[in-house]
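Trainee: Here it is, the structure in full.
The values are calculated or read from the model by the stated rules, or taken from the named source; none is laboratory data. Small disclaimer: the values here were computed from a predicted structure and weren't measured. Because the Cβ atoms are built from the backbone with ideal geometry, glycine has one as well, and the counts that use them run over all protein chains shown. For the accessible areas, the whole protein counts, side chains as well, though only heavy atoms, and no ligand, DNA or RNA atoms are used. Shrake-Rupley method; radii C 1.70, N 1.55, O 1.52, S 1.80 Å.
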Amino acid sequence: MLLIPNTNTNGEMDDSDAIRSPLFWLFWTTATLFTTTTTVKNVMEDTICMNLLGENKHQYGGQRLWGSIGYSMLAIASGVCVDWYSKEQEFKNYTPCFVIALMCFILDIFVVSNIEVVQESSYTNKVSSDVKKLLTEFRIVAFIVWVVLFGFFVSFLWNFLFWYLEDLSTFYHPETKSWMKTLQGLAILIQCFGGEVPSFFLSGYILKRVGHMNVFSIMFFVYALIFFLFSIIKNPVYVLPVEILSGVGFALFYSGAISYAHLSAPVGAEGTFQGIVGTALTGIGTPIGSLIGGYMFQIIGSISSFKLLSVLVLITCIVQIIVNQMINRFSKNINIKTTSRRCQPEVGDFKL
């Protein structure tokens, strides 16, 4: 990223001109490689974390929250450094971000190389067969669909929220442009410390008491509220309290998805199934959301896009609740038919 020239221009560049530019494809290739390796890293670290926790898998959120802490602290630090480094410059210079990231990656390589990873069992044909059989179950298919949809919706926040903040600053509050990167870093700080960290910490307790699918339903509703609030905000500073909800929504949904995937995966295929879930989230849902989001922002604008998204997420929430109830009722009927064939059914057989 440091080697790619910064070709800032005051004029608008046509899409076809951008696509024909070698710099565009150099940036695209770099971003694609980074996203690909990041996805692999996320899948591996979640799987390894679950294996290291052993019988204490419910404590996953307590481990994952440290990622949110580091993410938020470096976000605000990077934002302040960029604003400081870009003083009296027409455009922002992101060199401090890349330098900080490089230092962290080098330190990370040293740390992870000292973690002892123990694989519980080897990947066999039986495990492969179990995974294929698992993917034919309606509850698993539904779960993967919810993850894809979550990735679709969350991609709008990941990829377009900062763009939206800069639009608000340009049109309504130009006085915030000089410290916009600091404001964006502060938004991440509040999202992580105000929403993600406590939610990751309490995720095990919440998932046990509420249930994975019920948590998904609540989080879809929370995201509908988030998109609606973003659509009526005109001052970019007012985004900060909404970011608390964003942190809660991401932390609980992500913890629920990782936990549900690990509980559902056949023994020895935890990494494979986590990979499937990771693909559904960042390999299918997020790219589709990014592509459609770009067209939505260009055609109907950012405010209308967030209003439309709030309606779509609310519809998804209602559909998810209905499908979840259908799955529970169907599973209950199967359990009743199974236990009716036994001479002495146990009380635990009826518990869902």
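Trainee: Please report the net charge: other residues with Cβ closer than 13 Å to the Cβ of GLU196, K and R +1, D and E -1.
Mentor: After counting each charged neighbour, the total is 0.
Trainee: Let me ask another. Return the FRET efficiency for the residue pair MET1, ILE299: r is the Cβ-Cβ distance, R0 is 25 Å, and the value is rounded to the nearest 0.05.
Mentor: My answer for the efficiency is 0.25.
Trainee: At a 1.4 Å probe radius, carbon and sulfur cover how many percent of the accessible area of the range 229-338?
Mentor: Carbon plus sulfur share of accessible area: 72 percent.
Trainee: Taking 0.36 nm per intervening residue step and subtracting the Cα-Cα distance, what contour gain separates PHE24 from GLU45 on full extension?
Mentor: Result: 4.4 nm gained on full extension.
Trainee: In addition: Over the chain, with a Gaussian network built from C-alpha contacts below 10 Å, which listed residue (ILE318, ILE299, ILE109) shows the highest mean-square fluctuation?
Mentor: In the Gaussian network model the winner is ILE109.
Trainee: A follow-up question, please. I'd like to know which of TYR172, TRP66, PHE24 lies farthest towards the positive end of the charge dipole of the chain, counting +1 on Cβ of Lys and Arg and -1 on Cβ of Asp and Glu.
Mentor: TRP66
Trainee: Please compute the modelled spin-label separation between ASP167 and VAL311, points set 7 Å along Cα→Cβ, answer in nm with one decimal.
Mentor: If labels sit at VAL311 and ASP167, their model points lie 1.7 nm apart.
Trainee: Let me know the shape class of the range 235-287, please: from the alpha-carbon gyration tensor, a ≥ b ≥ c as square roots of the eigenvalues, rounded when a/c is under 1.5, otherwise prolate if a/b is greater than b/c, or oblate.
Mentor: oblate
Trainee: What residue among SER259, SER331, SER310 has the largest mean-square fluctuation in a Gaussian network model of the chain, using Cα springs under 10 Å?
Mentor: SER331
Trainee: Can you give me the angle between helix 95-112 and the longest principal axis of the chain, using Cα atoms only, in degrees from 0 to 90, rounded to the nearest 10?
Mentor: 30 degrees
Trainee: Per residue, how much accessible area does the range 41-94 show when a 1.4 Å probe rolls over the protein heavy atoms, in square angstrom?
Mentor: On a per-residue basis, 60 Å².
Trainee: Could you work out how much longer the chain between LEU135 and TYR85 gets when fully extended? Use 0.36 nm per residue separation minus the Cα distance between them, nm to one decimal. The partial results should precede the final answer.
Mentor: Values: separation 50, 0.36 × 50 = 18.00 nm, distance 5.05 nm.
Length gained between LEU135 and TYR85: 12.9 nm.
Trainee: Turning to a different aspect of this structure: Name the residues of the range 132-168 whose amide N is less than 11 Å from a point 7 angstrom out from the Cα of ILE288 along the C-beta direction?
Mentor: Counting backbone N atoms under 11 Å from the label point, the list is 145-153.
Trainee: Once the Cβ-Cβ distance between ILE115 and THR32 is put in as r, and R0 is 35 Å, what FRET efficiency do you end up with, to the nearest 0.05?
Mentor: Step by step, r from the Cβ atoms, then E = 0.80.
Trainee: I would also like to ask the following. Considering only protein heavy atoms, what per residue accessible area in square angstrom results for the range 262-319 with a 1.4 angstrom probe?
Mentor: Here the residues of the range 262-319 average 43 Å² of exposed surface.
Trainee: Follow-up. Quick check: net charge around GLN89, other residues with Cβ under 13 Å of its Cβ, Lys/Arg +1 and Asp/Glu -1?
Mentor: +1
Trainee: Specify whether the C-alpha gyration tensor of the range 56-169 places it in the rounded, prolate or oblate class, a ≥ b ≥ c being the square roots of the eigenvalues: rounded for a/c under 1.5, otherwise prolate if a/b is larger than b/c and oblate if not. All intermediate terms of the calculation are to be shown ahead of the outcome.
Mentor: Values: a/c = 3.06, a/b = 1.65, b/c = 1.86.
Cα axes put the range 56-169 in the oblate bin.
Trainee: Given the DSSP H assignment, sum -39500 (n - 2.57) over each helix run of at least 4 residues in the chain and divide by its residue total; what's the result at 222 nm in deg cm²/dmol, nearest 500?
Mentor: So the calculated ellipticity at 222 nm is -25500 deg cm²/dmol.
Trainee: Also, I was wondering about something else. When the chain is treated as a GNM, springs tying every alpha-carbon pair under 10 Å, which of PHE200, PHE152, PHE297 comes out with the largest mean-square fluctuation?
Mentor: PHE297
Trainee: Which listed residue (VAL82, PRO266, GLN184) has the Cα farthest towards the positive end of the charge dipole for the chain, taking +1 on Lys and Arg C-beta and -1 on Asp and Glu C-beta about the Cα centre?
Mentor: Farthest towards the positive pole: PRO266.
Trainee: Next question, about the same structure. Exceeding 24 Å between C-alpha atoms, which entries from my cross-link table qualify? They are LYS87/LYS307; LYS234/LYS307; LYS41/LYS177.
Mentor: Details: LYS87/LYS307 35 Å; LYS234/LYS307 14 Å; LYS41/LYS177 34 Å.
Long pairs (Cα-Cα over 24 Å): LYS87/LYS307; LYS41/LYS177.
Trainee: Obtain the nm distance between the two label points defined at PHE105 and LEU52 by a simple spin-label model: each point lies 7 Å from its Cα along the Cα-to-C-beta direction.
Mentor: Label at PHE105, label at LEU52, 2.1 nm between them.
Trainee: If you take the square roots of the eigenvalues of the alpha-carbon gyration tensor of the chain and sort them as a ≥ b ≥ c, do you get rounded (a/c under 1.5), prolate (a/b over b/c) or oblate?
Mentor: In terms of gyration-tensor shape, prolate.
Trainee: Work out the length of the dipole vector of the chain about its Cα centre, built from +1 on the beta-carbon of each Lys and Arg and -1 on the beta-carbon of each Asp and Glu, and round it to the nearest 20 debye.
Mentor: That gives a dipole near 1420 debye.
Trainee: Using the beta-carbon distance between MET73 and TYR205 and R0 = 41 Å, what value does 1/(1 + (r/R0)^6) give for FRET efficiency, to the nearest 0.05?
Mentor: E(calc), rounded to 0.05, equals 0.95.
Trainee: Subtract the Cα-Cα distance of VAL237 and VAL319 from 0.36 nm times their separation in residues, and report this length gain in nm to one decimal. Spell out each step's value before the answer.
Mentor: Numbers: separation 82, 0.36 × 82 = 29.52 nm, distance 3.36 nm.
Computed gain between VAL237 and VAL319 is 26.2 nm.
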